[in-house]
C-alpha cells in the first residue's frame, strides 16, 4: 500500500506519458505508414475494380446519365488495407495510398448518414443508367427492324 502511495506522488510531479496530439505536437509516422487513399480523375479508367476490392465499401462510383462516373471515397469508413490500390490496373497513377492522415470527424458533419445517402444515390444512378441504356438499345433494335421491313 505504501508503494502505491509513493508511486502516486511520483506521478503527480512527473511529465505525462501521453502525447498532446493534435493540439501541441504531431505524431511521427512510422515507415510504411498506410494513410489516405489518393485519386487522380485524369488517370483513372473507371474500371470499378477498386470499388469491388474495398472490404468496407469506402469507395463508390456515381454513374451520370451521359455515362461519366464520379469517384467518391469515405476516409472515415476506410480501414487502410490497400486492397483498392492492389486491384487498380494503374497504381501510382490513378490510385495510391499516401502518408496523409485521416481528417477528424465530428458529430456535426454526420459523415455516416451522408455516406448512406450517397450510396443509395449511386446505386439508383447505376440502375437508371442501365435502364436508359437498355431502352436506347431496344429503341435502336426497333428502328432497325422497321427499316428492314421497308
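Every number in this text was worked out from the coordinates using simple rules, so none of it is lab data. Predicted, not measured: the structure shown is a model, and the values here were computed from it. Note: ideal-geometry Cβ built from the backbone for every residue, glycine included; neighbour counts use all protein chains shown.
Once every Cα of the range 23-102 carries one equal point scatterer and solvent is ignored, give the base-10 log of I(q)/I(0) from the Debye formula at q = 0.14, 0.23 Å⁻¹, two decimals.
-0.48, -1.09
Gain in length, residue 116 to residue 76, computed as 0.36 nm per residue apart minus the alpha-carbon separation, to one decimal in nm?
Length gained between residue 116 and residue 76: 13.1 nm.
Given the convex hull of the Cα atoms of the chain, what is a quarter of its surface area in nm²?
Averaging across all directions leaves 15.2 nm² for the Cα convex hull.
Work out how far the C-alpha atoms of the range 68-141 reach from end to end along every principal axis, then list the three figures in whole Å, largest first.
52, 34, 16
Could you grab the relative contact order for the chain? Cα pairs under 8 Å, six or more apart, rounded to a whole percent.
Over the chain, the number comes to 25 percent.
For the ranges 52-65, 127-140, what's the packing order if you count other beta-carbon atoms within 10 Å of each residue, average per peptide, and put the highest first?
Going from most to least packed, we get 52-65, 127-140.
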